[in-house]
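This report refers to the structure that appears directly beneath it.
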Amino acid sequence: MSADVELDHVWIRFGPFVAVRDATLRIENGEFFSFLGPSGCGKTTILRTISGFLEPSQGTVRIGGQDMRGIGANRRPTALIFQNLALFPLMTVAENIAYGLRVRGVPRAEQRRKVDELLGLTALRDQGTKRIAELSGGQKQRVAIARALAVEPKVLLLDEPLSALDLKLRQHMRNELRAIQQRVGITFIYITHDQGEALTMSDRIAVMNAGMIEQVGDGQTVFDEPTTAFVASFVGENNPFQGKVVAAHDGRVTVDTPVGRLGGRNPRGLKLGDDAILFVRPDALRLGPGAGGDTLSAVVLNVAFEGTMSHVFLKGPTRKDIIITVGRGESQRLPEQGETASIHYGAAAGLALPAGRLASD
Amino acid sequence: MTSQGVWRAMLGFYLLLFFGFLFGPLIVMGITAFNTPNYPQAYPFEAFTIHWFSDLLGDSELMEGLQNSLIIGAGVVALTVPVGLAGAIVMTQVYWRARGLYYLIVVSPVLTPGVILGISTVIFWKDVTRVTDAKFLYDGFFLAIVGQSTFISAYCMLVFLARLQRFDRAQEEAALDLGATQPQVFRHILLPFLRPAVFSSAVLAFLSSFENYNTTTFAILADKTLVTVLAGRVRQGTTPEISALAVLIIAVTLAGAIAYEALRRREAAREATALAQARVEDGGEPGPALAAAT
Amino acid sequence: MGQRRASPCPRAGSPVIESLVKGLLFAVPFVIVAVFWILAARERRAAADPSAKSFLERNGGVMAAFLIVAVGFWAIVMIVLPQLYMVDFSFHPKLPAKDYGGPEDHYTLASYRYFIYGSTEETDSYNIVHLRAFVLTIGASIGVTFFSFWFCYPLAYFMAQSAGPARLRMLMLLLILPFWVNEILRAFAMRIMLGTSGLINNLLVGLGVLAEPIDFLGLDIGMYTGLAYAYLLLMMFPLYNAIESLDRNQIEAARDLGAPWWHIHLNVVMPFAKPGIASGCTMVFMLSAGALAAPQILGGPNSLWFTPIVYDRFYQAFNWPQGSAYALILLLTCIVFVMAVMRVFKVNLGEITR
Ligand SMILES: Nc1ncnc2c1ncn2[C@@H]1O[C@H](COP(=O)(O)OP(=O)(O)O)[C@@H](O)[C@H]1O
Ligand SMILES: [Mg+2]
């Protein structure tokens, strides 16, 4: 049986509040799939719906083609790793891992064999007799993974499992998670508000905002070809310039912004007079007047040297500063604070999208 | 300096007064247990004796009362701990006004004078007996247990509620997610978590039952507990035998308190070392990579 | 009293109405359960949580049955029904056991009439003894509550705000220890102190301060002291807990603003500690007003506390309806007091019983 997870026009309401709005997508068997979005956008809610703790107010959840309505969390082929891990503090590591087998009535010897195997897989050998309180953060993480894998789920659901760890450990655990997924070969559905995590680990990403799935695609697509203003501003740093479309032809538009007329690509087919936002990535902006491309000028607020690169902050048309990233190798003169600098970007670097809510940081 | 000094002196005087009030009578009572006159007398102290203690052992009425108290205490524990547990669990599953109504009803016995609980219990069960002709229900032991349990169950519930407040609901969900059924979740997750509360509510229930007078004196009918025997004695006239009993009770209590404190300290120390150990290991964290394990 | 039967005493009504009243009375538990059930179901749905399952689903069959039986037995059979029975019983006449439910058994106000007029039928003189005892009990309980509050407050404040951890543990232990000693024994200890040949009198007479011993017990001083002694700690701990959670900085800030110390206590600490004060006052009042041991043991021969009177109605006069009526009067008084405290201090029940 394949274990594709399908959401079919799923709505989830808490009273009058709509937490998930018309979510439709299909997650393939064996995929590492991430939901990425700011906190409060409904990621956990979706995960709890897939795992069976919530029933959709409307719409259908299918796993392996089977409608899951009315099937409780304890009878779904999914295992959930909770945001706070929810390990059982009164059991040892081995008892935690064996718990799912124990309640299924698996024989003792079989339980022990499985626990040993999982302790090995998660680099916890010799830790089986320890109590949860005696483990470090990273070890707890692994116990939670082992405990969930013990019941051989078809789908593993992970709710921001790394958010409690410190930075170094987090980066290490990313690789480890990815490696485990490749080894066990089951579907991982991963939730995070950290785009770095989503981009490095996932086969595909669904970017969410306020209960809506804004875009689904692989990391590169989501980063390079965002389809909404929210995705463009949430995934990766971006400079938005709001304005009205004053010219549109051949897949390109010109947008009249407070800092001048700027051109960019037009994948969403904006038309004359539409409200638009033109995005340019900080690393695509260059200092100095351009030869043929689009040029604007602004007052330099601050220059931050950060080793391999520098950030230049300029006074933007809105409250948000314009950011330029200057690589070390590039022979550009860094401007002084307070001077008015010209900046430009290449023709392909501008991306115009329909006006919409931006990710507020 | 002077104003500081005045304050300090006043504080000292007040503390002396407070604890003098609290302990003075008990200490005096303790002294009378060892004095020879057969009226409890601390001053003048005539001669040291332990004869009041030996009298105590031969006092069959007291001994019988003690036995009854123990039986009733056990019955109260057996009834109130499960009821208090159920009460606390139900409390966590209702909201707003339903919760308010529920809380009002189950906590009202705590704010009701004990005599009233005793009276109402006796009247109710007497009528139940009359209607059902089940004579065994109109029994001092049964009524004492039921009467005391009305409010002791609320004590137990409050103990359980305090512990439940620290329960992480996600653990229940985690167990469910791993395939456990509701009864399994209860047995494997919730009950072990509540075990310390089971223990402390049992102790609380037993002690509350053991020392209860107001409810018991109505509900016990013709039987006697240690406390009702004591009350009868004290009302009839005072003898140093009662002082001796008090000294014994205080000694047992003191020993219990000290043992409990020692146990608690050892537990705290154990937890502290475990925590320190975990912290050390976190330092060398990213060592055992998965790659190495596979 | 037998030959006075003829005199028409007002009755609550015909047998039909009687059974109606009785039926209504015992419908109360069902009404309570129904109201509770409806509220619980509606509010679970309104809790806006699609994961909220029905009671049965959430607990599983066995657990649900256990919860319903345990809580139902407690709330209905142990708490509500006995109280209703007591209310009902207080409106019955005093009859031999075999006559209950018989033709003589009418609803009547006789017991209440007795409380006020000293007779079940006449209304021309007042039952001075019981009325006085009642008023005195309430008044003295309020007095004991007041005293306990002022006596405990400084120590509670000191422990919560100034004492170091070591000293705090020590004080706590010292406070809890006497609390483990039985109420009867504590009253007994007080009696040893205050009796006419008790320690204090022996000392004072022995030192020549007094020529004659003072009869502390006969003057009811012993009883009031004993009550305060018995329930002091129920004032102490709620107060301490409430003051303990007050941020020290608030006091420092007030002090920096130049507020005098009494001003800080009156306007910063006490308002903050309101729930604790309410809780302590309620408990001490309720326990004092319902106290049986201290008045029995420490009360002088002429002192009449209300609770022992209730006891005597039952086990001396064997007049259970009257005892029930008296108990109900005491209960209503306590309810009024609790509600008054909740109103005055603007706290809810949860804060009082914490
Ligand atoms: N049980 C609930 N009742 C009401 N609102 C809820 C409930 N659970 C979640 N929400 C709301 O739904 C929204 C999405 O929550 P969640 O899925 O937890 O977000 P996140 O993306 O941070 O995981 C939030 O605004 C949250 O307040
Ligand atoms: Mg979340």
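The values are calculated or read from the model by the stated rules, or taken from the named source; none is laboratory data. Given the structure is predicted, the values throughout are model-derived calculations rather than measurements. Backbone-built Cβ (ideal geometry, glycine too); neighbour counts: all protein chains shown. All accessible areas refer to the heavy atoms of the entire protein, side chains included, with ligands and DNA or RNA removed. Shrake-Rupley method; radii C 1.70, N 1.55, O 1.52, S 1.80 Å.
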Using only Cα atoms and rounding to the nearest 10 degrees, what angle (0 to 90) does helix A:167-184 make with the longest principal axis of chain A?
60 degrees
Calculate I(q)/I(0) for the protein assembly as shown by the Debye formula, one identical point scatterer on each C-alpha and no solvent, and give its log10 at q = 0.05 Å⁻¹ to two decimals.
-0.48
Unit charges at the beta carbon, dipole of the protein assembly as shown: most positive-side option, B:THR238, A:THR227, B:TRP125:
A:THR227
Cross-link reach list, lysines versus A:LYS315, counting only Cα pairs under 25 Å and skipping chain neighbours closer than eight places
A:LYS244
Log10 I(q)/I(0) at q = 0.08, 0.14, 0.16 Å⁻¹ for chain B, from Debye over equal alpha-carbon scatterers, is -0.58, -1.20, -1.32
Per-pair calculated FRET efficiency, R0 = 41 Å: A:PHE305 and A:LEU90 via Cβ, rounded to 0.05
0.20
Based on the alpha carbon coordinates of region C:128-352, what radius of gyration and maximum Cα-Cα distance (Dmax) apply, in Å?
20.1, 65
Give me the percent of accessible area attributable to carbon and sulfur for chain B, probe 1.4 angstrom.
67 percent
Volume per residue, Å³, of the convex hull around the alpha-carbon atoms of chain A?
167 Å³
Quickly work out the B:VAL131-to-A:ALA164 label distance, labels modelled 7 Å from Cα along the C-beta direction, and quote it in nm with one decimal.
5.4 nm
Suppose R0 equals 51 Å. What FRET efficiency, 1/(1 + (r/R0)^6) with r the Cβ-Cβ distance, do C:TRP262 and A:ASP22 give to the nearest 0.05?
0.20
When only DSSP loop residues count, what GluC sites (Glu not before Pro) in region A:4-86 have their Cβ near at most 16 other Cβ atoms within 10 Å?
A:GLU28
Quick one: go through region B:216-247 and flag any residue whose amide nitrogen is under 16 Å from the point 7 Å out along the Cα-to-Cβ line of B:SER60.
B:224
Please report Rg (one decimal) and Dmax (integer) in Å for the Cα set of region C:15-90.
16.3, 52
Chain B, relative contact order in percent, only Cα pairs under 8 angstrom and at least six apart counted:
29 percent
Straight-line reach from A:LYS43: which lysines have Cα under 16 Å away, leaving out those fewer than 8 places along the same chain?
none
So with the 1.4 Å probe, I'd like the accessible area per residue for region A:214-300, rounded to whole Å².
43 Å²
Mind checking which aspartates and glutamates have their C-alpha under 12 Å from A:LYS114, skipping anything on the same chain fewer than 8 residues away?
A:GLU95, A:GLU152
Are there any GluC sites (Glu not before Pro) in region B:1-88 that are in a DSSP loop and have at most 13 other Cβ atoms within 10 Å? List them by number.
B:GLU46
Within region A:30-55, which residues have the backbone N less than 18 Å from the label spot 7 Å out from A:THR221 along Cα→beta-carbon, could you tell me?
A:30-37
Rounded to whole Hz, the Karplus (6.51, -1.76, 1.60) HN-Hα couplings of region A:115-128, x for glycine and proline:
4, 4, 4, 6, 4, x, 4, 9, 6, 10, 3, 6, 9, x
Along the charge dipole of the protein assembly as shown, pointing to its positive end and built from +1/-1 on Cβ of Lys, Arg, Asp and Glu, which listed residue (A:ALA109, B:MET157, C:GLY198) has its Cα farthest out?
A:ALA109
So how strong a dipole does the protein assembly as shown carry about its Cα centre when Lys and Arg Cβ are +1 and Asp and Glu Cβ are -1, to the nearest 20 debye?
640 debye
So, over other residues within a Cβ distance under 9 Å of A:LEU7, counting Lys, Arg +1 and Asp, Glu -1, the net charge is 0
For region A:335-352, list residues with backbone N below 20 Å from a point placed 7 Å from the Cα of A:HIS249 toward its Cβ?
A:347-348, A:352
With charges only on Cβ, +1 for K and R and -1 for D and E, what is the dipole size of region C:128-352 about its Cα centre, in debye, rounded to 20?
240 debye
For A:LEU157, other-chain or 5+-apart residues with amide H closer than 5 Å (H placed, Pro excluded) are A:ALA79, A:LEU80, A:ILE81, A:ILE189
B versus A: buried accessible surface, summed, Å² (probe 1.4 Å, to nearest 100)
2900 Å²
Could you size up the charge dipole of chain A around its Cα centre, putting +1 on the beta carbon of Lys and Arg and -1 on that of Asp and Glu, and report it in debye to the nearest 20?
1000 debye
Please compute the net charge surrounding C:ASN249, taking Lys and Arg as +1 and Asp and Glu as -1 over other residues with Cβ under 15 Å from its Cβ.
-2
Just the ratio, please: alpha-carbon radius of gyration of region A:200-278 over 2.2 N^0.38 Å, N its number of residues.
1.18
FRET efficiency for C:PHE30 and C:LYS274 from the Cβ-Cβ distance with R0 = 25 Å, rounded to 0.05, comes out at 0.10
Taking amide H positions as placed 1.01 Å from N in the peptide plane, with prolines and chain starts having none, which residues 5 or more places from A:PHE32, or on another chain, fall under 5 Å of its amide H?
A:PHE188, A:ASP203, A:ARG204
Average Cα contact separation per residue, region A:222-361, under 8 Å, 6 or more apart, as relative contact order %
30 percent
Using the basic label-point model (7 angstrom from Cα toward the beta carbon), what is the C:LEU219 to B:VAL6 distance in nanometres?
3.1 nm
With each label point set 7 Å from Cα along the Cα-Cβ vector, what nm distance links A:GLU117 and C:ASN348?
5.2 nm
Overall Cα dimensions of region A:243-361, principal axis frame, Å, largest first
41, 30, 23
